[in-house]
1. Condition first: in a helix (DSSP H, G or I), without any contact (Cβ under 8 Å) to a residue 12 or more places away in the chain and in contact with an Asp or Glu (Cβ under 8 Å, 6 or more places away or on another chain). Now tell me which residues in the stretch 22-36 satisfy that.
2. With the requirement that a residue be within 13 Å of the chain's Cα centre (by Cα) and more than 21 Å from LEU4 (Cα to Cα), what does the stretch 19-37 give you?
3. Would you call ASP9 surrounded by 11 or more Cβ atoms within 10 Å (Cβ to Cβ) and free of Cβ contacts under 8 Å to residues at least 40 places away in the same chain?
4. Would a scan of the stretch 39-49 turn up a residue that is assigned to a helix (DSSP H, G or I), free of Cβ contacts under 8 Å to residues at least 12 places away in the same chain and more than 22 Å from PHE59 (Cα to Cα)?
5. Only one of these conditions is not met by PHE59: (1) at pLDDT below 95; (2) under 28 Å from ARG1 (Cα atoms). Which number is it?
Amino acid sequence: RWVLEFYWDHRNDSAEDLVHAVMTDEQMWGQDLTQIVGFEKLTADNLKLIREKGALAAFASCL
């Protein structure tokens, strides 16, 4: 249930804010994932692409 509440609380966040909130939630991951160099920016960039162009376009950009 806490996961649903977490995402409800962050439903209007920008991609950057949502990714930061998710990655720093140690209850979710057992660690702060922002400590992995470059991971936060890469994830936020990919989430922005999904939000702007859709999942199919984001997937196609990986090919």
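1. Matches in the stretch 22-36: GLU26, LEU33.
2. Matches in the stretch 19-37: THR34 only.
3. Details: surrounded by 11 or more Cβ atoms within 10 Å (Cβ to Cβ): no; free of Cβ contacts under 8 Å to residues at least 40 places away in the same chain: yes.
Answer is no for this residue.
4. no
5. Checking PHE59 against (1) at pLDDT below 95; (2) under 28 Å from ARG1 (Cα atoms), the one that fails is (2).
The values are calculated or read from the model by the stated rules, or taken from the named source; none is laboratory data. Computed from a predicted structure; not experimentally measured. Glycine gets a Cβ as well: all are built from the backbone with ideal geometry, and neighbour counts include every protein chain shown.
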